[in-house]
Each structure stands twice: as structure tokens, then as C-alpha cells.
Amino acid sequence: MKLYKGLTYSLAAIALLTGCANESPFVDVKTAGQTGSLMTSCLAPKLANTEGVDATTRADVPSTDDFKVVITRNGGSASTYSSTPGSVEYKYSEMPEVLTLPVGDYKVFAHHGENKPAAWDEPYYYGESTFGIDANKITDDVDPIVAKLANIRVTIVFHPSLISAMSADSKVEVKVGNQGVLTFTPTESRSAYFKYVNKSSTLAATFTGIVDGSDVVETKTEDNVAPGNHYRITFRMHGIEDDIPGTVQGSVAVDTTVEKIDMNHTVDGEKEEYFEDDMRPNQGGGNEPTPDEPTAPQITSAKPTEAGLIPVNLDAVNEVTENTYCVLNVVSTAENGIEAFDVIIESEKLNADELSNVGLSDKLDLVNPGSLEEPLTNLGLPVNVGGKKSVSFNITGFMPLLGVLGEGTHNFILTVKDANGETTATLKLHTN
């Protein structure tokens, strides 16, 4: 669609007065033929953020041009407009620049995708606003239509300790309310999307399989799940004795943890760059570099978010356990941010074969992750970081995997490049 740029009020007024605006899609005898004009450029949907990432720069979110825009005089919703008299739908890219509408109050919906009961990789975005049309006047200022994720995202993660102990046909079935069921296996890295239904909002994830020779059925439920949230559920071993296969302490063999992520963070104008205290670039004083002295990217150890945890040390070998807080901060002061962010994993135990079992590689490109994006995201690693000025490199999700592999040394070699230069740092870890 050719957006409204440089089209002046006088031109719009001429179009209105001479009847050159688009013919009205509505017929309303109550207004005795009184009409006004709507500049459709003000109906452009604004995407909300996805998991804290500016959705307007993401390759995996829909284009504004592809949204369906529904204008209605009688309320309702985008799913029922077709049966409501006095409604019309356009693809946003195909809307006329000016619409002539009868005088009155209107509601506008913007939506993308199909809100299915249950489907793989099918997010549904929805937003709405209202506006009024006055006789012989131009409406060109409508409250923003913020299109947010309107269904429920679910991802299932199988912990490496469970994968090594469970049967090949083990699975997790997920159901939200009375919707359809989708089945996850360790090879299924996609996310599932479920339609939100009011008063039918319990998520149930049921593991079934054989764990160390024992039949196991464990269900995790989450009440009051809400649209726009991502529920990442990890299934792991619990209570299995190390040296006696097939024995279970108590009655629980599989345990779960649930991480809830709010995926709808509204973008309004320029997005402010976010820094934790220890991620913020130097702002003057001491021997800090000045703007006239460009510096290569900085890689530093992050401070733990909880008391009692010890940060990793980039200048030493770190003894780590499953519960180690392992986070590095990367900051670029270049105008265009990070250009390249590569990670090489050097480890006898955590080799390419072991990494392939969890859908990863020993060479990671965090700017262009390709097919590794989903497994990297599931482990909590950053992806699509090109252009960012601050990145939290969190490999805490790797710690359980290292623990399962036993004693060994594991090096994560980070190379970060921007317009000011290139920096390489090696994070050295050791497990007993």
C-alpha cells in the first residue's frame, strides 16, 4: 500500500468535496447522506514486542501490510464481523488512502493469522481501536491499533537427564481448556499455540513413557493461563537413584518447572535500549573512553540476580554445578550495534554429537541462527542479536547438560564484532 505521506489536508478536502474519495462501503439512511473522510494511514497496526525483542525488526513476525483490517459500526469482534451488518474488511496493503464513511462512531479491528484451537507455529495477532466520523470533516488521528499476541504459546523442553533415561516413545501431551491436544517429543522443537477461551484456561501437560524401566505418567497443570503469554515447561528427572536403574524414590520420577514469559511489550516510538546496572556503558569519569575514542565490544561477567550466587570469572577456570549462575554481558557502543556474534564450544564431553542430541552445534551464530533459533531460545540463549547494543549471554541452561556428562572442562569462546572492532573472550568451565 502506498502510505499517506505528503498528502495534504487540502488535497484530502478536495477529494471529500468533489467525491473523489473511495466510495463508502456503508449505506446508512439515518445520517441523511452526511459523510466524512477517514485517512486510512492512521489505521496501521503497531506490533507489540515479542519476549522483549522489538517485533518490528524481527523476521518471524508478520508485516503490517499483511494484516486484515475490519471496520464496523455495530461492535462485535473480528471473528464475527462477517455476520454483522455494516462491516467491511480490507487487507491493509490494499486499503484506499481515503475512505468516505457515513457520520457516526466506528470500531476497527486488525488481526493476522487464524485463531485455531491448537496448531504448531501459528501465532495470532489482534488489536482494536475506535474512531468517529463527523460531517464534512477529515479523521486522520485514531488511537493506535496495538496488535498483540492473542493466543497462548507453549514450548516443552526435555531435560538431558530425562532424555538419557526415558524410552524412545516417551512424549508430552499438552491441552489448554477444552481445546485440541498436541504431542511433543524431544525432536519437536516448534512451539504450540492454543486459542484462549474465557473460563476454560487450564493448561495440562502430561508426560507418559518408561523411565529407567518404570512406567511413568506425570501431569503438570497451570491455572488461569492468559493470551499473550509463553509457557515454557521443562520436564526433568526427579528422585532417580544414580546406581540402581529402575528404582524410584517415593512416587515421583519426573518433575517439571514452568517459566511464564509475557510476550506483549508495546512498541511506542523509539525503543529505549535496556541495560542492567552492570551492562550500562561507561558514562564519563575516571579513565573511561570518551566518544572520540571508539572501543570494541565489551564482554563482562554479569552480577547474579539473586543473593548468594557467585558470578563466573572470565580470568579463571570456573567450577560449576547444575545451579551455577552463568551469564555474560556484551555491550557495543557502535552506532549500529553488534554486527557479528559467534560462539565456539570446545569440549571433549560436550562435543558436536552430544550437542546434536539437543538440536545444537558446536559453532553458533547468534546474529543469524538459522535452524538453531528454536533450540537456542529454549535454552535461554539470545538470538537475532544483529544491531543490538546490549546482549545478555545466559548459558545457565547448559549447566544441567554439563552435569550429566560428568567431569570435564568446557570452553565457550565468544567473538563479538561491531564497527569499532572485535573482541574475543573465553569462558572456561569445569564440572566434577
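Looking at the stretch 374-387, can you tell me whether even one residue there is touching a residue at least 40 places away in the same chain (Cβ under 8 Å) and over 30 Å from Trp120 (Cβ atoms)?
Checked against the condition, which is being touching a residue at least 40 places away in the same chain (Cβ under 8 Å) and over 30 Å from Trp120 (Cβ atoms), the stretch 374-387 yields no hits at all.
Kindly indicate whether Glu322 is out of contact with any strand residue (DSSP E or B) (no Cβ under 7 Å at 6 or more places or on another chain) and either free of Cβ contacts under 8 Å to residues at least 12 places away in the same chain or under 26 Å from Thr185 (Cβ atoms) (or both). Spell out the reasoning first.
Values: out of contact with any strand residue (DSSP E or B) (no Cβ under 7 Å at 6 or more places or on another chain): yes; either free of Cβ contacts under 8 Å to residues at least 12 places away in the same chain or under 26 Å from Thr185 (Cβ atoms) (or both): yes.
Taking the combined requirement at face value, the residue satisfies it.
Check Ile310 against each of (1) open to solvent by 10 Å² or more (accessible area, probe 1.4 Å); (2) hydrophobic (A, V, I, L, M, F, W, C); (3) within 22 Å of Val367 (Cβ to Cβ); (4) modelled with pLDDT under 85 and name the one condition it does not meet.
(3)
Answer with yes or no whether Ala204 is hydrophobic (A, V, I, L, M, F, W, C), more than 24 Å from Leu376 (Cα to Cα) and under 20 Å from the mean Cα position of the chain (by Cα).
no
Name every residue in the stretch 325-359 that is among the aromatic types (Phe, Trp, Tyr), touching a strand residue (DSSP E or B) at 6+ places or on another chain (Cβ under 7 Å) and closer than 17 Å to Phe398 by Cα, in order of residue number.
Within the stretch 325-359, no residue meets the criteria.
Give all pairs with beta carbons closer than 6 Å in which a residue from the stretch 180-193 that is modelled with pLDDT of 90 or more meets a residue that is open to solvent by 30 Å² or more (accessible area, probe 1.4 Å) and part of a loop (DSSP other than H, G, I, E, B); count only pairs at least 6 apart in sequence or on separate chains.
These pairs meet every condition: Tyr193/Glu122; Tyr193/Pro123.
Pick from the stretch 154-164 the residues that are crowded, with 22+ Cβ neighbours inside 10 Å and part of a strand (DSSP E or B): which of them is farthest from the chain's Cα centre (by Cα)?
That would be Phe158.
For the stretch 139-151, how many residues meet the condition of being out of contact with any Pro (no Cβ under 6 Å at 6 or more places or on another chain) and in a strand (DSSP E or B)?
Summing the residues that are out of contact with any Pro (no Cβ under 6 Å at 6 or more places or on another chain) and in a strand (DSSP E or B) in the stretch 139-151 gives 3.
Do the conditions hold for Ala253, that is, is it of a type in the set (Gly, Ala, Ser), over 21 Å from the mean Cα position of the chain (by Cα) and at pLDDT 85 or above?
The answer is no for Ala253.
Considering only residues that are aromatic (Phe, Trp, Tyr) and touching a Gly at 6+ places or on another chain (Cβ under 7 Å), look in the stretch 114-143 and name the one that is farthest from Arg190 (Cα to Cα).
Among residues in the stretch 114-143 that are aromatic (Phe, Trp, Tyr) and touching a Gly at 6+ places or on another chain (Cβ under 7 Å), the one farthest from Arg190 (Cα to Cα) is Tyr125.
The values are calculated or read from the model by the stated rules, or taken from the named source; none is laboratory data. Being a predicted model, the structure only gives us computed values, none of them experimental. In this analysis, Cβ positions are derived from the backbone assuming ideal geometry, glycine residues included, and neighbour counts consider all displayed protein chains. Just so you know, the surface numbers come from the protein's heavy atoms only, side chains and all, with ligands and any DNA or RNA stripped out. Shrake-Rupley method; radii C 1.70, N 1.55, O 1.52, S 1.80 Å.
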